[in-house]
Amino acid sequence: MKSAILAAAMPLLLLVACGRAEPVEDLPSQDELAAAANAAAARAMAEAKADTPASRNYVNVERGFSITFPEGWQKDAASSNADGVVYQDPGAGADVRIFWQKKEGDQTLQQIVETVSEGSEGVSGDYIGDNEYRGTANDGEGNNVALRLMKQPDGSIVTASFVYPEMLSEQYQAMAEKTLDSLRIFAPKAQTPEGGAVPVAAENAGTRRSGRS
């Protein structure tokens, strides 16, 4: 009886023995397994990045400001430079322009607003403290313009304008406000010890002072 059981189990024992006899060098090493895992992770990250739309956040570390553009808008490279950028809504005739301007003498923010508003119609807005202005205007060519100017501590000015067809006000007005709300200023790279971005709170930002330019 024992002989019969042993004979029946012999093929299984031989199979296990053969499995254990497999050369160890044919199995992947820990380093090879780690390399394969890293390669797979890198491929996954690359595929995820390819499927992710380009960031809508624009940050100019050199000049000290940032803004978030509407989804789907495209950069106008020809109109952009180191001082700022222009983004457009393809085919709709709307665009956002944000640029840095160095300090010119002892110009006040009100004087700068008056200069920016030259040639526009129906200009009105509010001064928020001494360093910020929010306003609207019409460019005389059928377009509405939403403006936001922010004065940096060194006297330089960041000007953001959102221009859109007047007939599409219902579609763009809220978008313009949201876009300009996202504008932030911070200390430019040259003015920080380690070249980092340090947020700057607008002086008296909570106090609104109405006025027409």
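Here are a few things to note about the model shown:
- Between amide H atoms placed 1.01 Å from N, distances below 5 Å from residue 186 occur with 65, 200, all of them 5 or more places distant or on a separate chain.
- Around the amide H of residue 128, modelled in the peptide plane, lie the amide H atoms of 133, 134, 209, all under 5 Å away and 5 or more residues distant in sequence or on another chain.
- 3J(HN,Hα) along the range 137-147: 6, 10, 7, x, 10, x, 10, 8, 10, 9, 10 Hz, from the Karplus curve 6.51 cos²θ - 1.76 cosθ + 1.60 with θ = phi - 60°, whole Hz, x for Gly and Pro.
- Per-residue Karplus couplings for the range 67-81, computed as 6.51 cos²θ - 1.76 cosθ + 1.60 with θ equal to phi - 60°, are listed in order as 7, 10, 8, x, 5, x, 6, 10, 6, 9, 4, 5, 9, 9, 8 Hz, Gly and Pro entered as x.
- Carbon plus sulfur fraction of accessible area for the range 53-151, probe 1.4 Å, in percent: 41
- Residues of the range 138-155 with amide N under 18 Å of the 7 Å Cα→Cβ point at residue 107: 147-155
- Per-residue HN-Hα couplings for the range 150-162 [Karplus 6.51, -1.76, 1.60; θ = phi - 60°; Hz; x = Gly/Pro]: 10, 9, 7, x, 7, x, 6, 10, 10, 10, 10, 10, 10
- Ordering of 176-183, 71-78, 59-66, 88-95 by burial proxy (mean other Cβ atoms within 10 Å per residue, highest first): 59-66, 176-183, 88-95, 71-78
- For residue 80, residues with placed amide H under 5 Å, excluding near neighbours: 86
- Only alpha carbons enter this Debye calculation for the range 45-168, each as an equal point scatterer, and the log10 of I(q)/I(0) it gives at q = 0.11, 0.18, 0.19 Å⁻¹ is -0.43, -1.04, -1.13.
The values are calculated or read from the model by the stated rules, or taken from the named source; none is laboratory data. None of these values were measured; they are calculated from a predicted model. Here Cβ is always computed from backbone atoms with ideal geometry, including for glycine, and neighbour counts include all displayed protein chains. These accessible areas exclude ligands, DNA and RNA; they are computed on the full protein's heavy atoms, side chains included. Shrake-Rupley method; radii C 1.70, N 1.55, O 1.52, S 1.80 Å.
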